[in-house]
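Only one structure is covered here, and it is reproduced in the block below.
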Ligand code: GDP
């Protein structure tokens, strides 16, 4: 179970209600289904894609009954989700050289970026990896303080400078320190100010190029953190960040208290970026690897 009880209840219950007294998948059932998917934050484009595929199957099989609808939907949704090849949170290929694996974390404030970094650090450390954190969100003092709290909690070193310092300089220091300590993995926090797209783009690309001076293959992962409970806002943020930098993986947080988990389907389909992690609570252990089969099952079981 992926801890998505609320999501499960909502999509499944709605579909069950929509097909009560119906034996065939007719236009009315399809219209209701479309509405359910949209209200579950799957997104209009992805919803229409799903409906179109089901329509095709219905016209190919005139005897298709509503009892088959859940199974078909599951198949179609799973096929839209990007496969996540990691088996475990701490499962990644370390670079060939003795250099650390570098994860650059991006996302707007409040989505759960710091918490996700803390959770990752805890999981990596528990798996025996040596972790160093870098506070390259120098825009807000609170961001540095929050990260320090997590670093203390997990007991991993944090490299930081004063508020207002050059984020690229913090990233440089962090990688240098990590390399000197023989660290396995570095997680760098960055500022997520979307109001100025050009600045964001410049800042992220500067951080990246400075990192390469220490670890030429860095960053190995650019992880975009999105709040799964914000539905279409998460969508919009994915659009902005993928324009500003190359994002390699997604973390969707706050899927515990939400009926909006459907946003995972639309984002995965529209941006072709795998959802790697899901946040299902505020504690260190509340992070899971995203598994599309389990996720789809949890929507429909
Ligand atoms: P940041 O500004 O993006 O760094 O956000 P924070 O990491 O400080 O998180 C903002 C709030 O969301 C905090 O109260 C966190 O405890 C909470 N939070 C983060 N991830 C999750 C999650 O997966 N589930 C729940 N329920 N709360 C979360």
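The values are calculated or read from the model by the stated rules, or taken from the named source; none is laboratory data. Predicted model, so just to flag it, every value in this text is computed and none were measured. Cβ coordinates were reconstructed from backbone atoms using ideal geometry, including for glycine residues, and neighbour counts include every protein chain displayed.
Against the condition more than 25 Å from the chain's Cα centre (by Cα) and touching a residue at least 24 places away in the same chain (Cβ under 8 Å), how does residue 24 come out, does it pass? Don't jump to the end; show me each part of the working.
Working: more than 25 Å from the chain's Cα centre (by Cα): yes; touching a residue at least 24 places away in the same chain (Cβ under 8 Å): yes.
It is true that residue 24 is more than 25 Å from the chain's Cα centre (by Cα) and touching a residue at least 24 places away in the same chain (Cβ under 8 Å).
Is it the case that residue 283 is surrounded by fewer than 20 Cβ atoms within 10 Å (Cβ to Cβ) and either at pLDDT 90 or above or within 13 Å of the ligand (Cβ to nearest atom) (or both)? Yes; evaluated as a whole, the condition is true for this residue. Taken together, 151, 178 contain a single residue that is away from the ligand (no atom under 15 Å from the Cβ) and at pLDDT 95 or above, which is 178.
Put simply, of 132, 210 the only residue that is touching a residue at least 40 places away in the same chain (Cβ under 8 Å) and assigned to a helix (DSSP H, G or I) is 210. Checked against (1) within 16 Å of the ligand (Cβ to nearest atom); (2) buried (at least 23 other Cβ atoms within 10 Å of the Cβ), residue 211 passes all but a single condition, namely (1). Inclusion of residue 70 among residues that are assigned to a helix (DSSP H, G or I), surrounded by fewer than 21 Cβ atoms within 10 Å (Cβ to Cβ) and either in contact with a helix residue (DSSP H, G or I) (Cβ under 7 Å, 6 or more places away or on another chain) or touching a residue at least 60 places away in the same chain (Cβ under 8 Å) (or both) is warranted. Among all positions in the range 75-95, there is no residue which is more than 30 Å from residue 201 (Cβ to Cβ), within 16 Å of the ligand (Cβ to nearest atom) and in contact (Cβ under 8 Å) with a residue 12 or more places away in the chain.
Within the range 37-62, the residues that satisfy the criterion of being assigned to a loop (DSSP other than H, G, I, E, B) and under 22 Å from residue 13 (Cα atoms) are 40, 41, 42, 43. When residue 224 is tested against the conditions (1) free of Cβ contacts under 8 Å to residues at least 60 places away in the same chain; (2) within 16 Å of the ligand (Cβ to nearest atom), the lone failure is (1). Taking the criterion of being under 25 Å from the mean Cα position of the chain (by Cα), exposed (fewer than 15 other Cβ atoms within 10 Å of the Cβ) and in contact (Cβ under 8 Å) with a residue 60 or more places away in the chain, the only residue of the range 151-198 that qualifies is 153. Quick check on the range 9-17. Is at least one of its residues buried (at least 17 other Cβ atoms within 10 Å of the Cβ), under 22 Å from the mean Cα position of the chain (by Cα), within 30 Å of residue 224 (Cα to Cα) and modelled with pLDDT under 90? Looking for residues that are buried (at least 17 other Cβ atoms within 10 Å of the Cβ), under 22 Å from the mean Cα position of the chain (by Cα), within 30 Å of residue 224 (Cα to Cα) and modelled with pLDDT under 90, one finds at least one in the range 9-17, hence yes. Is at least one residue of the range 266-273 under 11 Å from the mean Cα position of the chain (by Cα) and within 12 Å of the ligand (Cβ to nearest atom)? No: zero hits.
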